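A short reminder: the numbers here are calculations on the coordinates, not readings from a lab. The structure displayed is predicted, hence computed values, not measured ones. Positions of Cβ are generated from backbone atoms using ideal geometry, with glycine treated the same way; all protein chains shown enter the neighbour counts.
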Amino acid sequence: MAQASSSDLGDWAAPIRAFVALVEAHDLHGLLFQHLDLCERRAWLHLQRVDYAHLEERMKLGAVAHELHRPRDRSVEGLMGLAPDRIDWAGREVIEAKGSAGARRAVSMQTLFYALLLMAATGRRWSAANEIVGGRKKLPVAVGPEEIARMLEMARRLEELTRTPLAPPAARKSICESCSYRFLCGFA
């Protein structure tokens, strides 16, 4: 991926370059940042390629709703592995479609991931938004120095988790009732 030029991104260029370096070195992807914001154990399980989401009825229904209301369009073709739902190239905005407004901060981490990589690739600032399917509501995702620093810290934590041989201990959280990993944590 092309490196962000410091002239177009200003003070953002160096932390974005550091973020991209960690992402590429450890093969991190957007969903991992969403998982980490929700639960460290969930992120570790996903890093280990343990995935039960396809067994969850709610996830199956969400995938169908997503395809019916907002299928991926041609705006994301050719992104070499990035998979946001839609990109407004003229307005430099990346858009991720979600089934509900729940876990807004965690969902925003995935959208922010795409925005940062697009900034690194183009050397220009991008905006980001989550779109709620069905409700046709668009929720802006903040993109600024604090968010970039948070994503860099999250990338560092994910890098640590890639080297951790055992899953972090299970801790009950509000997300546990609907989490596809709840059976592995003993919260079913």
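Provide the packing ranking of 14-20, 31-37, 113-119, i.e. peptides ordered by the mean count of other C-beta atoms within 10 Å per residue, highest first.
113-119, 31-37, 14-20
Taking the highest mean first, how do the peptides 159-166, 82-89, 142-149, 38-45 order by number of other beta carbon atoms within 10 angstrom per residue?
The densest-packed peptide leads the list: 38-45, 82-89, 142-149, 159-166.
Could you work out the local net charge near ALA171, counting Lys and Arg as +1, Asp and Glu as -1, over the other residues with Cβ closer than 13 Å to its Cβ?
+4
If you add up the charges near LEU9, with Lys and Arg at +1 and Asp and Glu at -1, over every other residue whose beta carbon is less than 10 angstrom from its beta carbon, what do you get?
So the surrounding residues net to +1.
Using 0.36 nm per residue of separation minus the Cα-Cα distance, give me the extension gain between ALA14 and ARG49 in nm, one decimal.
Full extension of this stretch gives 9.5 nm more.
Among residues other than LEU118 whose Cβ falls under 9 Å from its Cβ, what is the net charge (Lys/Arg +1, Asp/Glu -1)?
Computed value for this residue: +2.
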